[in-house]
Amino acid sequence: MNEGKQNEFSRHDEIEKEAPGQVGNEEMLPEVERQPEDDLPDFKTQAEEFKDKYLRAHAEMDNMKKRMERDRKDIIKYGTERLLRDLLLVYDAIEKSIAMALEMHPDDEDFIKGLRMTEKLFLETLKKNSVEPIETENMPFDPNYHEAMMQVTRPDIVKGMVVNEIEKGFLLHDRVLRPSKVTVSG
C-alpha cells in the first residue's frame, strides 16, 4: 500500500512539472510583480491631498485663534456695556432733577449747583470708562447716532438738522451705547 501512495504522489509531481500553473482542472494565474514605481503617482496624489487638507486645517485654526482673540478683546472692551446702559438711567434722573429744580426752585442756586456738580461728576466717571455723549447741537440727523422722536417744520433751520435733544445719547468707545432721542427739522 505504501507503494501505491508513493506512486500517486510521484504522479502529481510529474503532472505539475508537465503543466506548471495548473492544479487539477483549475488554472493558476501567474503572479504579477508590482513595482514600487507603480504606486508612486498614487502616493504623490494622496500626499498632495493630505498636504492640502493640512494647510486648510492650519489656516482654519489660525482664523479661529484670531477670531477668539478679537472676541476676547471685544468682551474686555464692551463687557461693561450692560452695566453702563443701566447707569444711564441714573444720569437721566439727575438731568430731570436739574430741570425740575430750575422750574420749581429757581432761586435755590446752591441746590441747583449741587445737582450740576453731581451731573458733572457722573459724566466724568462715564468718560473714565470710555463713555462719551453724542453731539446733537447743530448736527445733521444721523440715524446711526440719533433716534427721531418728532419732526417739526421751522423756516430758520435747514431740513434734516437736529432741532432739540429729548434724551442724551452716549457712545462706548466707537459703539452706540444709547442713541440720542431728538426732534428733527422737516
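The values are calculated or read from the model by the stated rules, or taken from the named source; none is laboratory data. Keep in mind that this is a model prediction, so the values were computed, not measured. All Cβ positions, glycine included, derive from the backbone under ideal geometry; neighbour counts span all protein chains shown.
Quick one: in the stretch 143-174, which of the residues that are out of contact with any Gly (no Cβ under 7 Å at 6 or more places or on another chain) and polar (S, T, N, Q) is surrounded by the most Cβ atoms within 10 Å (Cβ to Cβ)?
Applying the filter and picking the extreme gives N164.
Consider the stretch 115-147. How many of its residues are under 28 Å from G79 (Cα atoms), in contact (Cβ under 8 Å) with a residue 24 or more places away in the chain and not in a helix (DSSP H, G or I)?
11
Can you name every residue in the stretch 52-94 that is among the basic types (K, R) and closer than 30 Å to L121 by Cα?
K73, K77, R82, R85
Only one of E3, E14 is surrounded by 10 or more Cβ atoms within 10 Å (Cβ to Cβ), modelled with pLDDT under 55 and either part of a loop (DSSP other than H, G, I, E, B) or not basic (K, R) (or both); which?
E14
Given K113, K96, which one is under 22 Å from K181 (Cα atoms), loosely packed, with under 15 Cβ neighbours inside 10 Å and charged (D, E, K, R)?
K96
Return the total of residues in the stretch 74-114 being touching a helix residue (DSSP H, G or I) at 6+ places or on another chain (Cβ under 9 Å), acidic (D, E) and touching a residue at least 24 places away in the same chain (Cβ under 8 Å).
Matching residues across the stretch 74-114 total 1.
Residues D92, D86, D110: which one is within 27 Å of the chain's Cα centre (by Cα) and part of a helix (DSSP H, G or I)?
The match here is D86.
Tell me which residues, restricted to the stretch 148-174, are in a loop (DSSP other than H, G, I, E, B) and either closer than 22 Å to K96 by Cα or under 30 Å from the mean Cα position of the chain (by Cα) (or both).
K168, G169, H173, D174
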